[in-house]
Amino acid sequence: MRDLKHVLIAIRRLEMAQQEYEKSGGLVLQAKRIATAYDKLQKILEDFIHYCDEEHREEGIRFLFHIEDWQVQYNHSMNHAPRSVMDTIKLNLFNHSIPYPEEWVQKIQSEFDEPGWHNDTPSW
């Protein structure tokens, strides 16, 4: 269960980075924040898929594919023109990229929120 909590925290960080990117109008600075959040989420998901329930494994792998697609697009966008952190950049996935797994994210959040799944009592 602890692993699921780590995945959800990393997803929340990613969502917050995306919100900041949108609020800024697409600043490279904020896009780099999304890239960092995706890198951290990727590492957590790589570990998670080895220890999660079978029902989550396939979706976790598909999420990794989405991250890899996003990283290719991001690197392509960043390498096509020198940019400063205050420039803007448009981040769209390529046409055949795997979409963000919104339904799976909602599913694991719902499961995590069910009574008995985690213990929020402080250990001190």
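Laboratory data are not the source of any read-out in this text; all were calculated from the coordinates shown. These numbers come from a predicted model, not from an experiment. Note that we place each Cβ from the backbone using ideal geometry, even for glycine, and neighbour counts take in every protein chain shown.
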* Points 7 angstrom from Cα along the Cβ direction at K90 and D113: gap in nanometres? -> 3.5
* Asked: What is the magnitude of the charge dipole of segment 2-112 about its Cα centre, with +1 placed on the Cβ of each Lys and Arg, -1 on the Cβ of each Asp and Glu, and no other charges, expressed in debye to the nearest 20?
  -> 600
* **Translational D in µm²/s for segment 48-97 (Stokes-Einstein at 25 °C, 0.890 mPa s, Kirkwood Rh from C-alpha pairs)** => 191
* Tally Lys and Arg at +1 and Asp and Glu at -1 over the other residues with C-beta under 12 Å from the C-beta of Y21: what net charge comes out? -> +1
* Asked: Tell me, in nm to one decimal, what length is gained between R57 and Q19 on full extension, where the rule is 0.36 nm per residue of separation less the Cα-Cα distance?
  -> 10.9 nm
* Of the listed values (1) 23.1, 69; (2) 20.5, 70; (3) 16.1, 52, grab the one calculated as Rg and Dmax of the Cα atoms in Å from the structure here. => (3)
* Asked: At each listed q (0.11, 0.15, 0.21 Å⁻¹), what is the log10 of I(q)/I(0) that the Debye formula gives for segment 16-85 modelled as equal alpha-carbon point scatterers?
  -> -0.33, -0.56, -0.90
* Furthest towards positive pole of dipole, Q109, M78, A10, structure part segment 2-112, Cβ charges -> M78
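Which trypsin sites (Lys or Arg not before Pro) from segment 7-96 combine a DSSP loop assignment with at most 13 other Cβ atoms within 10 Å?
Listed in order of number, the matching sites are K90.
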* Structure fact -> Which residues qualify? For R83, with a placed amide H closer than 5 Å and at least 5 residues away or on another chain, they are none
